[in-house]
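This report refers to the structure that appears directly beneath it.
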Amino acid sequence: MVSRWGQPSAPVRDWLTSSAGCRHRAFGRTFRPPAHRRGSLKEVHVEQFAAGKVLRGRYRLDRVLGRGAMGHVWQGTDVYLERPVAVKTVAADLLALPDRRRTALARFEREAKTAAGLDHANVTTVYDAAVTEEVCCLVMQLVDGATLDDVVDSADEGRLSVPVAVSVAAQLCSGLSAAHAAGLVHRDLKPQNIMVRTSGLVKILDFGLVKVLADTDPQLTMTGETLGNVAFASPELLAGDRTLDGRSDLYAVGCLLHHMLTGQPPFQGQGPAELVSLHLTASPPRLADHGAEAPAALQKLTHALLAKRPEDRPAGAADVYAALAPYLPAPDPALATRRMPPEDPRRPFLLPQAPVMPH
């Protein structure tokens, strides 16, 4: 089926033809920010953020956990409550150009408040936010465990069994259903943004921030966070549709299911331009084409999630959860006396509310 989107958006086309697009880390190379901001990320973070710095008199930055196009993610400490936290720092000059910065900051604050209002086991909790003319930061729950990327990489043959993959996808859909009901669309679901805790609970990271960038500076979004991994991006996102709804995230769930069950995303390109084109125009592959052994109904669901047009996908995350439910592990009281391996996403279904036994 040919996508109605046809062509990538102008920001994506600019990115694909730029040296940044040719050197993006998603393809094993190094990302370079847009020319008018080149160097500012490093300079701002050296000046404003360093290990030991305390933000708002309360949140101490301890060590960098990750770096992105917009800023850093730190492991920190809430010195008042004496608990570990994660702090995502973003320099304000990376949110928008000066004439649009005040609007960007207001949007950041509004999105942070919406994200903080999410109270769901499968969504990382936002504790606090700071917004100034120079810097924005989100203070969040520090999640233990492994990224979904690591879970898949460490699995036998680099792919997950049906019960494990479905356990991840069902938990994702549970969290997405709550977020979509609150008006939040993630826009950047990928294995690196999904954590599997030691208890097996799946957590979605980074709600709220990507939309702020899309609304204030599409070029930055396309060159940075949203195209952090185009392997999981929906056609409408790549085409620059500014009226995205939750079905864009459901496309990503389809990509993730394919990734978990086959060991690779649904589309494989030689570079960013080819990969974007495949998302926009190529018929979605079937799990069986990549050697995955899965029930026919699950293969059909994954294929439907990868439909080019949002209206051809399932209507909502709750519908996807219902379709996954028959393949979820049933509770097994016999496992209560055994030690399950850490980061096993089946655990919340096999042993609901059971205490985690130390390893």
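Here Ser248 fulfils each of the conditions (1) touching a Leu at 6+ places or on another chain (Cβ under 8 Å); (2) assigned to a loop (DSSP other than H, G, I, E, B); (3) hydroxyl-bearing (Ser, Thr, Tyr) apart from (2).
May I ask you to say which residue of Glu311, Glu343, Glu293, Glu274 is in the same structural domain as Leu176 (by the TED database), of a type in the set (Asp, Glu) and at positive phi? Break it down into steps so the answer makes sense when it comes.
Numbers: Glu311 fails: at positive phi; Glu293 fails: at positive phi; Glu274 fails: at positive phi.
Just a single option satisfies the conditions, and that option is Glu343.
Within region 41-60, restricting attention to residues that are buried (at least 18 other Cβ atoms within 10 Å of the Cβ) and at pLDDT below 80, the residue that is nearest to the chain's Cα centre (by Cα) is Leu41.
Condition check for Asp312 on (1) of a type in the set (D, E, K, R); (2) within 21 Å of the chain's Cα centre (by Cα); (3) more than 27 Å from Met195 (Cβ to Cβ): one failure, at (2).
Hey, among the residues in region 112-127 that are assigned to a loop (DSSP other than H, G, I, E, B) and of a type in the set (A, V, I, L, M), which one's modelled with the highest pLDDT? Quick ask: steps written out before the conclusion?
Keep residues of region 112-127 that are assigned to a loop (DSSP other than H, G, I, E, B), which gives 117-122, 124-125.
Going one step further and asking which of them are of a type in the set (A, V, I, L, M), we end up with 118, 121.
Values: Leu118: 89, Ala121: 96.
Looking at residues that are assigned to a loop (DSSP other than H, G, I, E, B) and of a type in the set (A, V, I, L, M), I get Ala121.
If you go through region 321-357 and pick out every residue that is buried (at least 18 other Cβ atoms within 10 Å of the Cβ), touching a residue at least 40 places away in the same chain (Cβ under 8 Å) and over 22 Å from Thr147 (Cα atoms), you end up with 1.
Here Leu287 passes the criteria (1) within 18 Å of Ser177 (Cα to Cα); (2) touching a helix residue (DSSP H, G or I) at 6+ places or on another chain (Cβ under 6 Å); (3) aliphatic (A, V, I, L, M) except the one numbered (1). Considering region 304-359, the residues that are small (Gly, Ala, Ser) and in contact with an Asp or Glu (Cβ under 8 Å, 6 or more places away or on another chain) include one that is nearest to Met260 (Cα to Cα), namely Ala304.
Restricting attention to region 174-192, does a residue exist that is part of a helix (DSSP H, G or I) and of a type in the set (Ser, Thr, Tyr)? Yes, region 174-192 contains at least one residue that is part of a helix (DSSP H, G or I) and of a type in the set (Ser, Thr, Tyr). When His303 is tested against the conditions (1) under 18 Å from Ala252 (Cβ atoms); (2) assigned to a loop (DSSP other than H, G, I, E, B); (3) in contact (Cβ under 8 Å) with a residue 12 or more places away in the chain, the lone failure is (2).
Residues in region 181-213 that are modelled with pLDDT of 90 or more, crowded, with 21+ Cβ neighbours inside 10 Å and over 14 Å from the mean Cα position of the chain (by Cα): Gly200 only. Here is a check on your reading of the model: is Ala294 modelled with pLDDT of 90 or more and not in a loop (DSSP other than H, G, I, E, B)? No, not satisfied.
Yes/no per residue for (1) surrounded by fewer than 24 Cβ atoms within 10 Å (Cβ to Cβ); (2) in contact (Cβ under 8 Å) with a residue 40 or more places away in the chain; (3) among the polar types (S, T, N, Q):
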{"site": "Arg242", "(1), (2), (3)": "yes, no, no"}
{"site": "Val253", "(1), (2), (3)": "no, yes, no"}
{"site": "Leu257", "(1), (2), (3)": "no, yes, no"}
{"site": "Gln264", "(1), (2), (3)": "yes, no, yes"}
{"site": "Leu278", "(1), (2), (3)": "yes, no, no"}
{"site": "Asp289", "(1), (2), (3)": "yes, no, no"}
{"site": "Ala292", "(1), (2), (3)": "yes, yes, no"}
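The values are calculated or read from the model by the stated rules, or taken from the named source; none is laboratory data. These numbers were taken from a predicted model, which means no experiment stands behind them. Using ideal geometry, Cβ is built from the backbone for each residue, glycine included, and neighbour counts are taken over all protein chains shown.
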